[in-house]
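These notes concern the structure reproduced below.
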Amino acid sequence: MQIHSVDPSPPGLPLIRNGDFRSIARAISLIENSMPGSAELLQSLENKHVPIIGITGPPGAGKSTLVDALTKYAVEHKKKLAILCVDPSSGFHSGALLGDRIRMNRWHANPQVYIRSLASRGSVGGLHPHIFQIADLLANAGFDYIFIETVGVGQSEIDIARLADQVVLVLVPESGDDIQGMKSGILEIGDIFVVNKSDRAGASLFLESLKSSLQFQSGKSFSDLKFFQTVATEEKGIGELYEAIMNNNKHISPKKLIRLLQEKAWQLIVENRMRGIDREQLNSSLQHSVDQPGFNLYQFVTAYAAASG
Ligand SMILES: Nc1nc2c(ncn2[C@@H]2O[C@H](COP(=O)(O)OP(=O)(O)O)[C@@H](O)[C@H]2O)c(=O)[nH]1
Ligand SMILES: [Mg+2]
C-alpha cells in the first residue's frame, strides 16, 4: 500500500465532519497504519453511534453484489453510506477485490457512497486490527450506515459479530451440504439470513432446512431471526431485505450499545498493554535466553513484560 504517499499531518476533523472524502481517506490511512497523529485524531472524535451492518458468508455467495444492490436502495432513500470491504482470504490485488471494485465503480462519483478496501492484517482470517477505530472515524463523518463486507472464514465472522449491530449472513442453495459443519460456528452470528442465488434449484428447500437447524440452536431467540431469499444480480428480494436491515437498526437496545463499547474498550486496552511488545524482538530475546542455565518461561515473561512496560 502507498503508505509513503500519505501526508503524515493529521487531517482536519472539520473536513471529516463535513464528509470530505479525501480527508476521510487520509484519516483512514493514518489510523490503518497507526501513523503519528492517529491517537490525537481518535481522541478528538465525538462518541457517536452509527449502525454497523456486517455482511458475511462464504466466498462467491454474492455479498458484494448484494451490498451493491442495497446501496442503490440506500441512495434512493437519501442515505449516506460507508462501505468497508475486508478480504482476509486473499491478497490486496486479488481478483475478488478487483471484481468488487469494478462492480462498485458506479458509485465512484456519488457523494452519498464512500467505499474503501482494507487489507486484513495480524490475526489470520480476522478483520483489520483497527477496524473499530476506522468505524468510529466514519461515524463522525456524517454517514447514516456503515456496511462491512467480510468473507466468513476463520476469525473474521467472530470479529464482525462483536463489532456489528447486526450481521447479515449470506448463503447460497448449495450451502446445504455444509450446514452441519456451519451450525457450530458461523450460523450463530447471523441476525438476518439471506439465501442468495435463489434463481438456482433447491433454494426454498435449503431455506427450510436452515430454519429448522436454527430453531434448535441455543443462543439467539429464533423469533428474532429474519430470513430472506434474494437474487442479487436481478435485484430481487432486495427491497424487503433493505427494510429489515433498516428497521432492525431502530431497535438497538442500550444494553447492546454498552456491550459494543465494552468490546471496543477491551480491544483498545489489550492494544495499549501490548504496546512495545514486538514479536521479532520477543523472538530474539527468547533465542538469547533459552540456552541460559535454568531458563524458565514464566520468569522470562515476567521480566520481559517489566522491561517493556
Ligand atoms: N445466479 C446468481 N449469481 C449471482 C447472484 N448474486 C451474485 N451472483 C454472482 O456470483 C458471483 C460472486 O458474487 P460476489 O458478489 O462477488 O460474491 P462475494 O464473494 O460473496 O462478494 C458473481 O459472478 C455474481 O455475479 C444471484 O443471485 N444469482
Ligand atoms: Mg465480495
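Side notes on the structure shown:
- Residues of the range 9-45 satisfying the condition of being in a helix (DSSP H, G or I) and not hydrophobic (A, V, I, L, M, F, W, C): P14, R17, R22, S23, R26, S29, E32, S38, E40, Q43
- Segments classed as helices (runs of 4 or more DSSP H), wholly inside the range 204-309, with at least 3 members that are at pLDDT below 95, under 28 Å from E46 (Cα atoms) and of a type in the set (V, I, T): 254-274
- The single condition among (1) at pLDDT below 65; (2) within 12 Å of ligand 2 (Cβ to nearest atom) that G91 does not meet is (2).
- Screening I179 on (1) at pLDDT below 85; (2) closer than 14 Å to V167 by Cα shows it passes everything except condition (2).
- Residues of the range 59-81 that are surrounded by fewer than 19 Cβ atoms within 10 Å (Cβ to Cβ), within 16 Å of ligand 1 (Cβ to nearest atom) and in a loop (DSSP other than H, G, I, E, B): P59, G60.
- So R279, is it within 24 Å of the chain's Cα centre (by Cα) and more than 17 Å from D165 (Cα to Cα): no
- Among the conditions (1) within 16 Å of ligand 2 (Cβ to nearest atom); (2) of a type outside the set (D, E); (3) within 17 Å of E240 (Cα to Cα), V75 misses just one, which is (1).
The values are calculated or read from the model by the stated rules, or taken from the named source; none is laboratory data. Only a predicted model underlies this, so the values are computations on that prediction, with no experimental measurement involved. Using ideal geometry, Cβ is built from the backbone for each residue, glycine included, and neighbour counts are taken over all protein chains shown.
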